Amino acid sequence: MSELVFYLLAAITVLCALGVITRPNPVHSALFLVMTLFMLAVFYIILEAHLVAALQIIVYAGAVMVLFLFVITLLNLKGDPDEPAHPLLRIVAYAVAATLAAGVAIVLMGDAGVVPGGAGAGAVLAEGFGGTRALARILFTDYLVAFELTSVLLLVAVVGAVVLAQREPVAEAPLTETGEDA
Amino acid sequence: MQAFLDTLLGDAAGLERQLGYLAGMVVFGAVVVFGFVLPFAGIVTWAERRIWARIQSRVGPNRVGPFGFLQWLADGVKNILKEDIIPTVADRPLFRFAPYVVMVGFVGAFVCVPFSGDLIIADLNIGILYITAVTSLVVVGILMAGWSSNNRWSLLGGIRAATQIISYEIPASLAIFPAVLLSGTLSMQGIIGEQGAAPWQWHMFHSPFTLLGFGLFFTAALAEGNRTPFDLAEAESELVAGFATEYSGMRSTLFFMAEWGNLYVIGALVTTLYLGGWQVPQFTYNPVLMNLAQVGVFMGKSLACVFFMIWLRATLPRVRVDQLMAMCWKYMVPLAMLSVLGTATMMVALPNGSHTLRMATFAVVVGVVIRFAFKVRFHLKRARKLDYTSLSPGASQGLSS
């Protein structure tokens, strides 16, 4: 039963992911990416990682992708399928994709019995696995340094954005007595 | 929910029990969505028009049914019968799909609304985060609607809505955390369970910091729901109807249902986090009676919040875009951080809480409310004293004859 659900959801996810790269219209692509990220959150729920699922939707589907969509719709980009990408770029893209696919395949072949739970299919989950408490404990003990460094990285990004967005102060034009610009 | 079903199912076991659970969940979910959520969105439009009318010394809709109560049904029938127009230049699939995304984001939130101790569709471990997550889908739907209409007003409306919702999500999520810190859980029932029936046992009055958190959460939730004074996304004087400009018939009704129904979600969230939820004193051991009382209390509190939002809409003017953004990033985000850090500090300094501080915060709020009530009473009395017919010369004979 759960395997059937898994394969159904996996098929939808793969279709959405294909939609991201095959749609000529950037808005459609971005919306397919939202769907894909949403489906990934569903898989996190299947894997009992409820908190990660919620964060995935809030951060990626809800915030990051909305910013993507925001920029795309604001620029009003139209898909331009006539202009082919640079040939070298195409080769690089194929090479990267092939490497990643090979990596995934190797890992999958390493785990015999690839089912919804992956390598952990037969494993017994610890009490409270995937819950807020368990995740927070790991985050604030074993991975504290990485966690804090990520915060610093985000802070640097914020400062950078503020610096980039800052405008030169414009001197205000003095008004004449009639209220027109001098 | 499961405990409540347990009492109903008695000692059925095995498959029958599972089927009983499933049937209970489906029936309750259907009752919530079709018996409460969708009619509520309709009824609240009628209530809103009546309340505005009262505030603005008008009559309001009073023709259809008693006090015009059936107006919302008449409007609904009218909207369903209208033609569903799709502009030729619109992006057809997205244009048609967008209202459903918005509806999913809105109806999905009701999965975690705790109507009483047992009546909740699913008390998720991450309840409050789940609601934040599904309601963030609404933005995607609104952007889709705005872009696919292929209309400048729609696009501007969609973009305004997106910036606003994304920005205010930050103070709103931060302002959730004082209540979560005090409860030590994200589950809706867990948060309510940490509060008591008496007002001073609510999270809102724990300390001045949680009071601040309550105010920030309420304001940010209003902005996230695109409500006045933050309804810039569909400011009719600037953008026709914003992202919903090109929509007609049932699709436009879906947008408005989501928007008005969202008032209840905001009210329910505020009630759960800061106003004690369904807590009532244990007056009986009959679970049905107890649940009925809890539903009554929860509804009372959340509907009071809805009334307050309607009142605000009739009172406040709309803010400008720059004011909206400045208010969010320059004031509300830092204040929300202060609220979270202050609550955490209080919890470390006074692990058991301070009863005196609670009562003092409560007393201050009660004092402000009483002062405000006197002011309202004063203005109402003053308004009644003015006899408008006597102000214009000739009114005494001219109007009556």
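All of the numbers you see were taken from the coordinates with simple rules; none came from a lab. All values derive from a computational prediction rather than experimental measurement. Glycine also receives a Cβ, built like all others from the backbone with ideal geometry; neighbour counts cover every protein chain displayed.
Electrostatic tally near B:THR185: other residues with Cβ closer than 12 Å to its Cβ, Lys and Arg +1, Asp and Glu -1, net -1. The separation of the range B:18-70 from the range A:1-67, counted between C-alpha centres, amounts to 34 Å. In plain terms, the residue of B:PHE307, B:PHE177, B:PHE255 with the fewest other Cβ atoms within 10 Å comes first and the most crowded comes last, giving B:PHE307, B:PHE177, B:PHE255.
I want the local charge near B:ILE43. Using Cβ-Cβ distances under 13 Å, sum +1 for each Lys or Arg and -1 for each Asp or Glu among the other residues.
0
Comparing Cα centroids, the range B:184-259 and the range B:297-334 end up 8 angstrom apart.
Model label points for B:VAL366 and B:ILE80, set 7 angstrom from Cα along the Cα-to-Cβ axis, are 4.9 nm apart.
Counting other Cβ atoms within 10 Å of each Cβ, which trypsin sites (Lys or Arg not before Pro) in the range B:22-115 have at most 14 and sit in a DSSP loop? All intermediate terms of the calculation are to be shown ahead of the outcome.
Values: sites: B:ARG49, B:ARG50, B:ARG54, B:ARG58, B:ARG63, B:LYS78, B:LYS82, B:ARG96; in loops: B:ARG58, B:ARG63, B:LYS82.
Passing both the DSSP loop test and the Cβ count: B:ARG58, B:ARG63, B:LYS82.
Just to confirm a number: summing +1 for Lys and Arg and -1 for Asp and Glu over residues other than B:MET332 whose beta-carbon lies under 14 angstrom from that of B:MET332, what do you get?
Values: positive: B:LYS330; negative: B:GLU169, B:GLU224.
Neighbourhood net charge equals -1.
The Rg/Rh ratio of the range B:49-188, with Rg taken over Cα atoms and Rh as the Kirkwood radius over Cα pairs, comes to 1.06. Taking each DSSP H run with n ≥ 4 as -39500 (n - 2.57) and averaging over every residue of chain B yields -21500 deg cm²/dmol at 222 nm. Once you have a ≥ b ≥ c as the square roots of the Cα gyration tensor eigenvalues for the range B:280-370, tell me rounded if a/c is under 1.5, and otherwise prolate or oblate according to whether a/b is larger than b/c. Because a/c hits 1.5 or more and a/b fails to exceed b/c, the range B:280-370 counts as oblate. Sorted largest first, the spans of the alpha carbon positions of the range B:188-261 along the three principal axes are 48, 24, 15 Å. The string of couplings for the range A:44-61 from the Karplus curve (6.51, -1.76, 1.60, θ = phi - 60°) is 4, 5, 4, 7, 6, 9, 5, 5, 4, 4, 4, 5, 4, 5, 4, 7, 7, 5 Hz, one whole number per residue in order, with x for Gly and Pro.
Of the three principal axes defined by the Cα atoms of the protein assembly as shown, the extents in descending order read 96, 76, 55 Å.
Can you sort B:SER354, B:SER302, A:SER29 from fewest to most other Cβ atoms within 10 Å of each residue's own Cβ?
Ranked by crowding around the Cβ, least crowded first: B:SER354, A:SER29, B:SER302.
For the range B:254-362, the set of trypsin sites (Lys or Arg not before Pro) satisfying both a DSSP loop assignment and a count of at most 12 other C-beta atoms within 10 Å is given as B:ARG320.
For the range B:85-374, a Kirkwood hydrodynamic radius built from all Cα pairs, placed in the Stokes-Einstein relation at 25 °C and 0.890 mPa s, yields a translational diffusion coefficient of 124 µm²/s. For the segment B:124-131, counting C-beta atoms of other chains within 10 Å of every residue's C-beta and taking the mean gives 5.
Between the beta carbons of B:HIS355 and A:ARG167, assuming R0 = 45 Å, the FRET efficiency works out to 0.30 to the nearest 0.05.
Kirkwood analysis of the Cα pair distances in the range B:40-118 returns a hydrodynamic radius of 15.7 Å.
Each principal axis of the Cα cloud of the range B:112-222 was taken in turn, and the coordinate range along them, longest first, works out to 52, 32, 19 Å. Scalar couplings 3J(HN,Hα) for the range B:162-169, obtained by applying the Karplus form with A = 6.51, B = -1.76, C = 1.60 to θ = phi - 60°, are 5, 4, 5, 5, 4, 5, 6, 5 Hz; x denotes Gly and Pro.
Write down Rg/Rh for the range B:239-293, rounded to two decimals, with Rg from the C-alpha atoms and Rh from the Kirkwood relation over Cα pairs.
1.29
Among A:CYS16, B:CYS328, the ranking by other beta carbons within 10 Å of each residue's beta carbon, starting with the fewest, stands as A:CYS16, B:CYS328.
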